[in-house]
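The values are calculated or read from the model by the stated rules, or taken from the named source; none is laboratory data. From a predicted model like this one, the values you see are computed outputs, not experimental measurements. Here the Cβ positions follow ideal geometry from the backbone for every residue, glycine too, while neighbour counts run over all protein chains shown. SASA here: full protein model, heavy atoms, side chains in, ligands and nucleic acids out. Shrake-Rupley method; radii C 1.70, N 1.55, O 1.52, S 1.80 Å.
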Amino acid sequence: MLRRAVRAILDGEGVAEAEISLAIVDDRAIRRLHRQYLGQDEPTDVLSFLLERTERRLEGAAIASADTARTAAARYGNSPADELLLYVIHGTLHLVGYRDDSRSERAKMSARQRSHLERLTGKSK
């Protein structure tokens, strides 16, 4: 399902050629990466690293925390699998160019996340 989500987003955003590494890690590992690359000493849900973006090709990595997904799932009324899927969708959207730095960008990205999640799972959120 996670690979299918990445492929669906790439196809939906018109990315012709891509190489995406996807890693599912625990909170300890994602905290270390979050500290190393973003200077924030705490776990997070997903990190995305864009390595190359040209008109035809995209290369990047998305790293999501299974521990955070398990913890957050109950809080948001999701299954841990759906929460993790949401993280992978979010991370992949960052790789294709979506941002969430402002309220309007967050709204646009959130709408795309919901659309992809509904399409992949058949569930509306």
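Simple rule: put +1 on each Lys or Arg Cβ and -1 on each Asp or Glu Cβ in the chain, find the dipole, and look at Met109, Ile63, Leu22; the Cα lying farthest toward the positive end is Met109.
Rolling a 1.4 Å probe across the protein heavy atoms gives the chain an accessible surface of 59 Å² per residue.
Label-to-label distance, Ser102 versus Glu17, with points set 7 angstrom from Cα along the beta-carbon direction: 3.4 nm.
Where both bridge residues fall in the chain, DSSP classifies roughly 45% of the beta bridges as antiparallel.
Students often get this wrong: which residues of segment 37-73 have the backbone nitrogen under 16 Å from the point 7 angstrom along Cα-to-C-beta of Asp26? So the set is 43-44, 64-71.
So how far, in whole Å, is the C-alpha centre of segment 1-46 from the one of segment 53-95? What the calculation gives is 6 Å, centre to centre. For Val25, the amide hydrogen comes within under 5 Å of the amide hydrogens of Ala64, Ser65, Ala66, counting only partners 5 or more places away or on other chains and with H modelled in the peptide plane. For segment 30-125, the C-alpha radius of gyration divided by 2.2 N^0.38 Å, with N the number of residues, is 1.11.
About its Cα centre, what dipole magnitude does the chain give when the only charges are +1 on Lys and Arg Cβ and -1 on Asp and Glu Cβ, stated in debye to the nearest 20? Write down the numbers at each step before the final one.
Details: 21 positive and 19 negative charges, 69 e Å.
Computed charge dipole of the chain: roughly 340 debye.
Taking the protein heavy atoms of segment 15-94 in the context of the full set of protein chains, the accessible area attributed to carbon and sulfur is 46 percent at 1.4 Å. Near Thr44, the amide H atoms lying under 5 Å from its own belong to Arg31; only residues 5 or more places off or on other chains count, and H is placed 1.01 Å from N.
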